[in-house]
Structure formats: structure tokens, C-alpha cells
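Participant: Below is a structure I'd like to ask you about.
The values are calculated or read from the model by the stated rules, or taken from the named source; none is laboratory data. None of these values were measured; they are calculated from a predicted model. Heads up, the Cβs are rebuilt from the backbone with ideal geometry, glycines too, and the neighbour counts pull from every protein chain shown. All accessible areas refer to the heavy atoms of the entire protein, side chains included, with ligands and DNA or RNA removed. Shrake-Rupley method; radii C 1.70, N 1.55, O 1.52, S 1.80 Å.
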Amino acid sequence: MHKKNVLVTGSSRGIGRACALAFAGAGYHVFINCRSSIEKLESLEQEILDAGGSCTKLPGDVGDPDAVRSLFRKITAACGGLDVLVNNAGIAHFGLLSDMTDEEWRTVMDTNLSAAFYCCREAIPYMVSKKRGKIINISSMWGTSGASCEAAYSASKAGLDGLTRALAKELAPSNIQVNAVAPGVIDTEMNGRLDPDERAALEEEIPAGRFGTAEETARLVLMLSEAPSYLTGQVIGMDGGFL
Ligand code: NDP
């Protein structure tokens with residue numbers, strides 16, 4: 001039987017890593033990626049192989065269109081193209097908007113929004129030729145509601161939500177579904193800057209009383225990759241009741 005292929009961008013740690021493990025466990029061949037944590041990518045590769053799964057390391061900056069083109073040349077050579085694309089790579093930026101430099105703004109937009117465009121552009125032609133495919137974007141609840149001192153991050157994720165809804169309409173006639181997951185606060189290194197008091201205060205604000213885990217986010221992503229084809233264009237909140 002044809003082994004399905006998935007690319008999870010930003011999979012050296014956190015939500016992306018959990019997604020890569022979930023897809024590998026479900027029998028997918030997983031293309032794993034990150035920009036700089038190559039050792040962590042190697043250890044993920046080992047973990048997948050040890051568990052009897054299969055994967056290929058594809059390091060590269062997904063915010064750089066040339067790097068994405070080169071990454072997809074390797075995917076095409078290996079298997080023709082992707083069944084599932086998970087646009088997960090992302091970075092946070094905390095601070096007043098008025099203090100933000102042009103470079104900082106561009107880096108947030110390149111990584112959180114343009115990267116999804118670059119990857120979708122490369123992934124779509126193969127999916128169209130097969131008349132099937134799933135694209136899952138990892139957004140954020142801040143894309144829906146906006147967060148103080150995270151204006152650029154919130155704008156990038158709101159952009160990703162818009163891309164999700166519009167692209168879903170564009171690709172529905174080709175039987176390609178595009179959905180997004182909008183997590184709340186997930187327990188990953190992205191929230192490592194919080195001290196214990198800040199963490200406790202934030203947990204109190206979350207109706208579920210705790211941070212989410214990368215693994216439960218990955219479960220939802222895997223579910224979306226197997227969801228009925230009539231589910232498309234949705235931004236699905238997963239925030240313990242926060243919003
Ligand atoms: P982490 O910081 O733990 O992991 C981010 C991953 O993205 C790393 O593997 C990192 O690898 C990779 N990455 C960053 N920039 C690039 C790039 N330019 N090219 C390729 N890979 C890159 O974050 P999380 O796991 O927490 O977040 C994953 C996604 O979930 C992000 O899009 C984030 O915005 C979103 N999210 C997270 C929430 C949370 O509370 N944690 C809440 C809502 C949404 P490396 O640095 O080695 O390149």
C-alpha cells in the first residue's frame with residue numbers, strides 16, 4: 001500500500017516534534033525540518049527510526065523561498081510530493097510594537113506567514129495532480145483575538161487564518177482541504193520565558209486550569225489529516241476554553 005508522505009515544518013521540538021512522532025506512529029513517511037537545531041532533528045530522526053517509523057531530515061529556513069524550493073526538490077525526487085503539509089514553524093516576538101525594528105517585523109512575518117505561502121505554493125501542484133491533499137496550518141488563538149505586546153505575532157497568525165479560509169475555497173474543487181489549528185497556551189519552549197509566578201497566573205486564567213500539551217495538539221492535527229473532505233476552511237480553536 002502507498003505510504004503517505006507528510007512534511008512538518010519546525011519539527012525539532014515542541015508541537016512540530018509531537019506532530020512528526022504522531023504521523024510516524026500512524027504509518028506516514030515524515031519529512032522533518034527546522035532551521036538551526038540540527039542535533040535535535042537528528043535525535044528525532046533516531047527516535048522515529050527506533051520505533052520502526054520512517055523519516056527524512058530536511059533542514060532549512062522555511063521563511064526563505066529559495067530554501068523552500070530546494071527542500072521541495074528533495075521531496076519530489078524522493079516520493080513525487082506530499083499527501084499532507086503541516087505549516088508549523090513559528091517564532092514569537094514580545095515587546096511594544098513601537099520598539100520593533102523593520103528586521104524583527106520581517107522575520108516574524110517571513111517565519112509565521114510567508115513560510116506557509118512558500119510551502120503551499122510548492123506542495124499544491126502535486127496535490128492537484130492527485131486530486132487529494134490536506135494542508136494544516138498551525139495558527140494561534142492570538143490570531144483570533146489579538147495579544148498586547150504581541151501585535152506582529154497576532155497579525156501574522158490572523159494572516160494565516162485568512163490564508164486558510166481563502167485557500168480552502170480555491171482548492172476545494174481539487175479535493176484539497178485546508179484547515180488551521182489555533183492553540184491557546186501550549187507547554188513548549190516558546191513559553192519558556194515565563195517565570196513560575198507568571199505561569200501560575202496564566203494557568204488561573206485558563207478555564208481548563210492548565211497549559212495544553214504538544215501531544216494533544218498533535219492528536220488534533222493528525223485527526224484533521226484524516227478528517228472528512230467536507231471539513232475545510234476552518235480555524236479550530238484548542239485553548240482549554242480561554243477564548
Ligand atoms: P517552539 O519554539 O518550541 O518550536 C518552534 C519550531 O519551529 C522549532 O522546531 C524551530 O526550530 C522551528 N523554526 C523556527 N523558525 C524556523 C524557520 N525559519 N524555518 C524552519 N523551522 C523554524 O514552538 P512551539 O512548538 O510552541 O510552536 C509551534 C507552532 O505553534 C508555532 O507556529 C507557534 O506560533 C504555534 N503556537 C504555539 C503556542 C504555544 O503556546 N506554544 C500557542 C499557539 C500557537 P529551529 O529554531 O531549530 O529552527
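Participant: Considering only residues that are in contact (Cβ under 8 Å) with a residue 40 or more places away in the chain, among the basic types (Lys, Arg) and within 12 Å of the ligand (Cβ to nearest atom), which ones fall in the stretch 31-89?
Facilitator: Of everything in the stretch 31-89, just one residue is in contact (Cβ under 8 Å) with a residue 40 or more places away in the chain, among the basic types (Lys, Arg) and within 12 Å of the ligand (Cβ to nearest atom), namely Arg35.
Participant: Moving to a separate point now. Kindly check whether there is at least one residue in the stretch 108-122 that is assigned to a loop (DSSP other than H, G, I, E, B) and not hydroxyl-bearing (Ser, Thr, Tyr).
Facilitator: Checked the stretch 108-122: no residue is assigned to a loop (DSSP other than H, G, I, E, B) and not hydroxyl-bearing (Ser, Thr, Tyr).
Participant: Now for a different question. Find the residue count for the stretch 144-166, including only residues that are under 21 Å from Cys19 (Cα atoms) and surrounded by 23 or more Cβ atoms within 10 Å (Cβ to Cβ).
Facilitator: Counting residues in the stretch 144-166 that are under 21 Å from Cys19 (Cα atoms) and surrounded by 23 or more Cβ atoms within 10 Å (Cβ to Cβ) gives 3.
Participant: Okay, moving on. Looking at Lys134 and the list (1) surrounded by 23 or more Cβ atoms within 10 Å (Cβ to Cβ); (2) within 14 Å of the ligand (Cβ to nearest atom), which single condition is not satisfied?
Facilitator: (2)
Participant: Only residues that are in a loop (DSSP other than H, G, I, E, B) and either charged (D, E, K, R) or open to solvent by 10 Å² or more (accessible area, probe 1.4 Å) (or both): list them for the stretch 13-53, please.
Facilitator: Hits for the stretch 13-53 are Arg13, Ala26, Gly27, Arg35, Ser36, Ser37, Ala51, Gly52, Gly53.
Participant: Separate question: Among the listed residues Gly233, Gly209, identify the single one that is assigned to a loop (DSSP other than H, G, I, E, B) and without any contact (Cβ under 8 Å) to a residue 40 or more places away in the chain.
Facilitator: Gly209 is the lone residue from the list that is assigned to a loop (DSSP other than H, G, I, E, B) and without any contact (Cβ under 8 Å) to a residue 40 or more places away in the chain.
Participant: Out of Ser129, Ser98, which single residue is more than 13 Å from the ligand (Cβ to nearest atom), part of a helix (DSSP H, G or I), closer than 29 Å to Val185 by Cβ and over 14 Å from the mean Cα position of the chain (by Cα)?
Facilitator: Criteria check complete, one pass: Ser98.
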